[in-house]
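J.: Before anything else, here's the structure in question.
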Amino acid sequence: MTFLPTLGALVMLVLMRGRPLLYKYTALATTAAVFVLSLVMVFKFNQNTASFQFIEKVNWIPRLGSSYHMGVDGISVLLILLTTLLSLVIIPASWNYIKDRELSFFAAFLFLETGMIGTFCARDLLLFYVFWELMLIPMYFIIGVWGGPRRIYAALKFFLFTMAGSVLMLVAIVAIAYLARPNHFAAPVFDLDQLQNAVFSFPVQLAAFLAFFIAFAIKVPMWPVHTWLPDAHVEAPTAGSVILAGVLLKMGGYGIIRFCIPLFPDAAAAAVPYILILSIIAIIYGALLSLVQKDLKKLVAYSSVSHMGFVTGGIFALNIIGVEGGVLVMFSHGLLTGSLFLLVGFAYERLHTREISAMGGLASPFPVLASFLLFFTLASLGLPGLSGFVGEFLSLLGLFSYNKAMAVIAAGGIILAAAYLLWMYLRTMFTETRDEKWFKLSDLNLREISALVPLGALAVWVGVYPATFLNIINPSVTRLVHQMAPYMAQHGNFLTRFLAALGGRL
Amino acid sequence: MKAVVLLIPLLPLASFVFTGLLGRRYLKEKSHFASVGAVAISWLLSMYVFIQVERGHTLSWQIYSWIAVGHFSVDIGFLVDELTAIMLLVVATVGFMVHVYSIGYMHGDKGYYRFFAYINLFMFSMFMLVLANNYLLLYVFWEAVGLCSYLLIAFWFPKVSASNAGMKAFLVNRVGDFGFSLGIMLIFVTLGTLSYSGVFAAAGGLSGGMATAICLLLFTGAVGKSAQFPLHVWLPDAMEGPTPVSSLIHAATMVNAGVYMVARSNPLFAHSHTAMLVVAIIGTFTAIFAASIAMVQTDIKKVLAYSTVSQLGYMFMALGVGAWTAAMFHLLAHGFFKGLLFLCSGSVIHAMGGEQDMLKMGGLRKKIKITYWTFLIGALALSGFPGLSGFFSKDAVLAGAFDGGYYYFWIVAVITVFLTAFYSFRMIFLTFFNEPRDARLFSHAHESPWVMTVPLIVLAVPTVGAGLLLGVPPGSGYIDHFLHGVFAAAIHAPAHEFGLLSGVLMAFSAAVGIAGILLAWHFYLRCPWLPAKACKRSGRFYTLLLNKYYIDEIYFAVIINPLRRFSGWLWRIVDAGVIDGAVNGAGWLAVGAGRALRPIQAGKIQGYLFTMMLGLLVLMIVYVFLTL
């Protein structure tokens, strides 16, 4: 499954140069096939165990102790499903969007899909790193080649930020691989199953944790390393934004759950209060900045910063409710923000602007577009019954169980979310139609609707019956939380003690 | 019974999907069939459920487990008891009538199908809200009715004021819901469950402080939804929505959700005297505060809106002083008579071709007879005229405050009765009496079609009769017995006997109401030049009332504008300046460092060797430290 998209891309590149319809359909067929495969995987996945499944293990570089070791647990499965779905819907969504070098564009996305799936499956640190970097390159080109007017700046910023994190991570990977050796003559240990049992001293843990964490935090992105995101989004083509927000940001959260916490539990437990504070700053800060954005894409980008704050906040509450909430927010955010970017793109194709002030009254000429935007806006602001609510509520509840004051501040972000989203909706869709010409333009067509409907349906599904998804991730999350419990107890609830000392305890 | 209960919300939901999907292309002006039909059946089923509950068949039913994570688990399930039955009765009856009325009122509107789809969605959400068996589900539909309210207030979205009002309603409610959701989390963290039965069973073990905290947080939600001070600001603006919506959502059903929630949580509130007192204070203050604003408004719907805020304040006062049954009784009566009043005002507006300013009306009594008589009945009930429903329910509230020893609250409430009667009849006299003030509008005025007048007549029946039927004798009438079981945990004292003192108080409050009517008569019929003079006399105070105590302006100056300025500052200074500046600075630093380090790559072997040795040394030191 991982390499099917690459295969598709190669076939396209080699055989179908200059035959646009053919390679577009090949791209569609490839992503569809991958999606079906991922569905098969979801159905075959055993939800009762936390151990890894569908394991493939082949020797790769034995001298370095590295092997091609792939496998998935519930969290990977969920994110892979998200990846394959989004990769599928962006194909019809950008059917006529790109004007030059179309072939390379679609091929780049297929390469990207391989990288993304691989990252979610890798059970070997070196392999993980390879996939992680593999993702970076197509994305760099997608922004840099098919982006907007400031694309070079944005692509470079994206690349440098991510690269800075990657380098730190690589150093940490090599360091722990060598430190985890049973003796000085053995090969380094990259395999996660073995690393899981290795014990590192606290200073090593802390250093490695920080290196990994910074890499992932940039990806999430957490405050204050988020500034690459708005620029990248604004310049990226629609499909690029969808994947960037929908999947690439999730790599950060995934990495934290998969590597940062279980490999360095002691350091993670010690870092909890600080990371939670950063998360809460991100929630409020992102929301406040969304409030004053003038460009629709930037607004959605800053709202991502805010929403991803719920992810890290939930995860680092390190109780079952919080972590499951965090993971569910990742999934739901992928669906919703992906859809929002699609919609912004569809509006852009018609109006050739993303300035909020240039819009107004779009609901009259484009009722279908307005209905979809309303749906995803509401879901995104956490309306119960849709996907945003369940994750955010669980995440907040987890945070609340950890520390009440933090949850209170974070919950303030939900008020702000309603404010910036509804205000955006008001200024773009409601009020008088600003330009009579718009009535001559066509509303969403069937191809565009078909890209949105599956995402919307899933958003409803998660909102109404989240058990389907929570059951998949439950065993893995439970294992993680149980592993962390002693460390959390040891480090104690720093903030509760702090507040108790202030006498501010409820 | 399970199937019946399930169908009540599902029918409007099905109709919402049907009308919403097919309305624009296919159903068009026939959109109301499915929608009205579904609600009609839901109404019949609600009546059936009420009768079943009346016979003692309550229902508690877990349908499926919605969210289950760790030890957190929430079901989707129904609880049908006496309290639910009362709410179903109001929601279904007013809902059904409003649907029928809307066929006439919304006729010819471009968004006809959209209107019926939204209002069906509202019915579904509202039914679910009162049927829910746990706090989270209540919260879910609490938000959902808020959404419908948003959609319907902003129904005529090309109008800037309408879209603004919709957004304002949603946001102000979000502020309340912020407290509500934290309250729910606090309940879960302390009691470990969210189902009503579980929470109420465990409520006894709460410490006083915790009970107060939970109750006040829940109450914050109620303050938002039921438009109590200081979150009342959205409701008057919500009048931008079509009038049937004002009647259904913003008078008879949704705004009562806060009262319902507090009443439902009575076992919790019973543990916190402080919280009860806060509820009573907010309620009483809102009652007189909003009534005073209603006295000077000239928009007919705004008068009714402030009146609703004020009457909801009564209900909270009743809850706060422990007169639980009285609160629900007033909710029921108010639901009918205020729903009626709004529909009547809609009929007036319809007759006047969309004009809402009472100063342009006058003399309509002869032209729109049915509307006039039903409006009069509603206004009399609102003023607490003896015999009508409002009289008994309002008196139950007053008696509850008096019997509980809350004399100050009682005095404020009696003054409010006076104000209420005054503004109600000011409205009647300005609209229906004297000479028409706008001849052109008047000449076009006509009575509404029967689809609109029949609902008025139907709603006038309970407006007249509900009090006599349910509230006699006061303090031990039908409704007191019916709801006794629900509030058993919270009512400590046995019901007060209706004695001489109660009779005197009742007569007194009735007299106060009639005095208010007479004053309005004196001002607006006998000496029509008086109001202008009085306004001039009271000068500043009048301006203060006319501007609704400048609450909106204060919010803009203190909260909204500073927040926007702060966000703008964050964006320009912190994000673009400090953070990005640091990053770009680091970039320049790298370039500079590259330049500075260029000499060591100048191709001199010694240089390379030296650097290698240095690097090796550093690595060895690090390695030694790490292995130590």
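J.: So B:Gly37 clears everything in (1) closer than 30 Å to B:Ile187 by Cβ; (2) free of Cβ contacts under 8 Å to residues at least 40 places away in the same chain; (3) of a type in the set (Gly, Ala, Ser) except one condition, right? Which one?
T.: (1)
J.: Can you name the condition, by its number, that B:Gly603 falls short on among (1) away from chain A (no Cβ under 14 Å); (2) part of a helix (DSSP H, G or I); (3) modelled with pLDDT under 75?
T.: (2)
J.: Another one. Out of the residues in region A:340-376 meeting the condition of being crowded, with 22+ Cβ neighbours inside 10 Å and closer than 30 Å to A:Ala407 by Cα, tell me which one is farthest from the chain's Cα centre (by Cα).
T.: For region A:340-376, the residue satisfying everything is A:Leu373.
J.: Between B:Ile551, B:Ile579, which is within 14 Å of chain A (Cβ to nearest Cβ) and more than 30 Å from B:Thr58 (Cα to Cα)?
T.: None of the other options fit; the residue is B:Ile579.
J.: Since A:Ile472 meets every condition but one in (1) at pLDDT 85 or above; (2) within 12 Å of chain B (Cβ to nearest Cβ); (3) under 30 Å from A:Val272 (Cα atoms), which condition does it not meet?
T.: Every condition holds for A:Ile472 apart from (2).
J.: Please work out if B:Gly221 is more than 11 Å from every other protein chain (Cβ to nearest Cβ), farther than 15 Å from B:His250 by Cα and touching a Ser or Thr at 6+ places or on another chain (Cβ under 7 Å).
T.: When the stated conditions are applied, B:Gly221 does not pass them.
J.: Also, I was wondering about something else. Restricting to region B:260-306, name every residue that is out of contact with any Lys or Arg (no Cβ under 9 Å at 6 or more places or on another chain) and aromatic (Phe, Trp, Tyr).
T.: Of everything in region B:260-306, those that are out of contact with any Lys or Arg (no Cβ under 9 Å at 6 or more places or on another chain) and aromatic (Phe, Trp, Tyr) turn out to be B:Tyr260, B:Phe269, B:Phe285, B:Phe289.
J.: Something else about it: Quick check: is even one residue across region A:161-175 surrounded by 16 or more Cβ atoms within 10 Å (Cβ to Cβ) and of a type in the set (Ser, Thr, Tyr)?
T.: Yes: one or more hits.
J.: Based on this model, can you work out whether B:Ala14 counts as of a type outside the set (Phe, Trp, Tyr), in contact with a helix residue (DSSP H, G or I) (Cβ under 6 Å, 6 or more places away or on another chain) and not assigned by TED's automatic domain parsing to the domain that holds B:Val458?
T.: The answer is no for B:Ala14.
J.: Which pairs do you get when a residue that is more than 10 Å from chain B (Cβ to nearest Cβ) and in a helix (DSSP H, G or I), found in region A:358-370, comes within reach of a residue that is surrounded by 22 or more Cβ atoms within 10 Å (Cβ to Cβ) and of a type in the set (Phe, Trp, Tyr), reach meaning Cβ atoms under 7 angstrom, with the pair 6+ apart or on two chains?
T.: Correct list of pairs: A:Leu369/A:Phe346.
J.: Mind listing whichever residues of region A:219-273 are closer than 30 Å to A:Asn197 by Cα and part of a loop (DSSP other than H, G, I, E, B)? Give the derivation first.
T.: Quick first cut of region A:219-273, residues closer than 30 Å to A:Asn197 by Cα only: A:219-222, A:247-273.
Answer for region A:219-273, where residues must be closer than 30 Å to A:Asn197 by Cα and part of a loop (DSSP other than H, G, I, E, B): A:Val220, A:Pro221, A:Met222, A:Phe264.
J.: Kindly evaluate B:Ala117 against the criterion of being assigned to a helix (DSSP H, G or I), crowded, with 24+ Cβ neighbours inside 10 Å and on the phi < 0 side of the Ramachandran plot. Steps first, please.
T.: Working: assigned to a helix (DSSP H, G or I): yes; crowded, with 24+ Cβ neighbours inside 10 Å: yes; on the phi < 0 side of the Ramachandran plot: yes.
Considered against the rule, which asks whether it is assigned to a helix (DSSP H, G or I), crowded, with 24+ Cβ neighbours inside 10 Å and on the phi < 0 side of the Ramachandran plot, B:Ala117 comes out as yes.
J.: Assess whether B:Leu563 counts as being farther than 17 Å from A:Pro221 by Cβ and within 9 Å of chain A (Cβ to nearest Cβ).
T.: yes
J.: Here is a list: A:Val72, A:Val89. Which entry is under 22 Å from A:Glu349 (Cα atoms), within 21 Å of the chain's Cα centre (by Cα) and either modelled with pLDDT of 80 or more or buried (at least 18 other Cβ atoms within 10 Å of the Cβ) (or both)?
T.: It is A:Val89.
J.: Do we have any residue at all in region A:12-21 that's within 27 Å of the chain's Cα centre (by Cα) and at pLDDT below 80?
T.: No, region A:12-21 contains no residue that is within 27 Å of the chain's Cα centre (by Cα) and at pLDDT below 80.
J.: Tell me, yes or no, whether region A:109-132 has at least one residue that is touching a Ser or Thr at 6+ places or on another chain (Cβ under 7 Å), among the hydroxyl-bearing types (Ser, Thr, Tyr) and not in a loop (DSSP other than H, G, I, E, B).
T.: The answer is yes, given that some residue of region A:109-132 is touching a Ser or Thr at 6+ places or on another chain (Cβ under 7 Å), among the hydroxyl-bearing types (Ser, Thr, Tyr) and not in a loop (DSSP other than H, G, I, E, B).
J.: Something else now. From the list B:Leu88, B:Leu83, B:Leu79, pick out the single residue that is in a strand (DSSP E or B) and buried (at least 21 other Cβ atoms within 10 Å of the Cβ).
T.: Working: B:Leu88 fails: in a strand (DSSP E or B); B:Leu83 fails: in a strand (DSSP E or B).
Going through B:Leu88, B:Leu83, B:Leu79 in turn, the sole match is B:Leu79.
J.: For region B:423-525, give me every one of the helices (runs of 4 or more DSSP H) that falls completely inside it and has 1 or more residues that are closer than 25 Å to B:Phe342 by Cβ and modelled with pLDDT of 85 or more.
T.: Fully inside region B:423-525 and qualifying: B:450-471, B:500-521.
J.: Then there's this: Across region A:440-465, which residue is farthest from B:Trp156 (Cα to Cα) among those that are hydroxyl-bearing (Ser, Thr, Tyr) and assigned to a loop (DSSP other than H, G, I, E, B)? Steps first, please.
T.: Filtering region A:440-465 for residues hydroxyl-bearing (Ser, Thr, Tyr) gives A:442, A:450, A:465.
Filter again for assigned to a loop (DSSP other than H, G, I, E, B), leaving A:442, A:465.
Details: A:Ser442: 22, A:Tyr465: 34 Å.
Once the filter is applied, the top-ranked residue is A:Tyr465.
J.: Since B:Val100 meets every condition but one in (1) closer than 30 Å to A:Val390 by Cα; (2) out of contact with any Phe, Trp or Tyr (no Cβ under 9 Å at 6 or more places or on another chain), which condition does it not meet?
T.: (1)
J.: Also, I was wondering about something else. Are any residues in region B:32-68 surrounded by 16 or more Cβ atoms within 10 Å (Cβ to Cβ), more than 14 Å from chain A (Cβ to nearest Cβ) and within 30 Å of A:Val462 (Cβ to Cβ), and if so, which ones?
T.: B:Ala34, B:Ser35, B:Ala38, B:Val39, B:Ser42, B:Leu59, B:Trp61 - these are the residues of region B:32-68 that are surrounded by 16 or more Cβ atoms within 10 Å (Cβ to Cβ), more than 14 Å from chain A (Cβ to nearest Cβ) and within 30 Å of A:Val462 (Cβ to Cβ).
J.: Might you check whether a residue that is at pLDDT 80 or above and within 14 Å of chain A (Cβ to nearest Cβ) occurs anywhere in region B:531-548?
T.: No, that holds for no residue.
J.: Let me ask something else about it. Can you work out which of the residues in region B:188-213 that are within 14 Å of chain A (Cβ to nearest Cβ), within 21 Å of B:Leu277 (Cα to Cα) and in contact (Cβ under 8 Å) with a residue 60 or more places away in the chain is surrounded by the fewest Cβ atoms within 10 Å (Cβ to Cβ)? Full working, then the answer.
T.: Restricting attention to region B:188-213, the residues satisfying the condition of being within 14 Å of chain A (Cβ to nearest Cβ) are B:188-194, B:206-213.
So of that shortlist, the ones also within 21 Å of B:Leu277 (Cα to Cα) come out as B:206-213.
In the following step, the residues that additionally are in contact (Cβ under 8 Å) with a residue 60 or more places away in the chain were identified as B:206, B:208, B:211-212.
Working: B:Leu206: 20, B:Gly208: 12, B:Ala211: 22, B:Thr212: 21.
It comes out as B:Gly208.
J.: Right, another one. Here are some residues: B:Ser46, B:Ser125, B:Ser60. Which one is at pLDDT below 90 and in contact with a Leu (Cβ under 9 Å, 6 or more places away or on another chain)?
T.: Selected residue: B:Ser60, the only one of B:Ser46, B:Ser125, B:Ser60 that is at pLDDT below 90 and in contact with a Leu (Cβ under 9 Å, 6 or more places away or on another chain).
J.: Mind telling me which of the residues A:Gly144, A:Gly165 ends up being of a type outside the set (D, E, K, R), part of a helix (DSSP H, G or I) and within 21 Å of A:Leu263 (Cβ to Cβ)? Spell out the reasoning first.
T.: Details: A:Gly144 fails: within 21 Å of A:Leu263 (Cβ to Cβ).
The unique qualifying residue is A:Gly165.
J.: If I ask for residues that are in contact (Cβ under 8 Å) with a residue 40 or more places away in the chain, part of a helix (DSSP H, G or I) and either away from every other protein chain (no Cβ under 12 Å) or not charged (D, E, K, R) (or both), which ones from region A:418-439 would you list?
T.: Passing the criteria: A:Ala419, A:Tyr420, A:Leu421, A:Leu422, A:Trp423, A:Met424, A:Tyr425, A:Thr428, A:Trp438, A:Phe439.
Every residue, every condition in (1) assigned by TED's automatic domain parsing to the domain that holds B:Gly320; (2) buried (at least 24 other Cβ atoms within 10 Å of the Cβ); (3) assigned to a helix (DSSP H, G or I), yes or no:
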position	(1), (2), (3)
B:Lys366	yes, no, no
B:Thr371	yes, yes, yes
B:Leu376	yes, no, yes
B:Leu382	yes, yes, yes
B:Phe385	yes, no, no
B:Lys394	yes, yes, yes
B:Leu398	yes, yes, yes
B:Ile411	yes, no, yes
B:Val414	yes, no, yes
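J.: Could you please tell me which pairs satisfy a Cβ distance under 9 Å, a separation of 6+ or placement on different chains, a first residue in region B:451-467 that is farther than 14 Å from B:Ala252 by Cα, and a second residue that is buried (at least 23 other Cβ atoms within 10 Å of the Cβ) and of a type in the set (D, E, K, R)?
T.: Every condition considered, the pairs that remain are B:Gly467/B:Asp395.
The values are calculated or read from the model by the stated rules, or taken from the named source; none is laboratory data. All values reported here derive from a predicted model rather than from experimental measurement. Here Cβ is always computed from backbone atoms with ideal geometry, including for glycine, and neighbour counts include all displayed protein chains.
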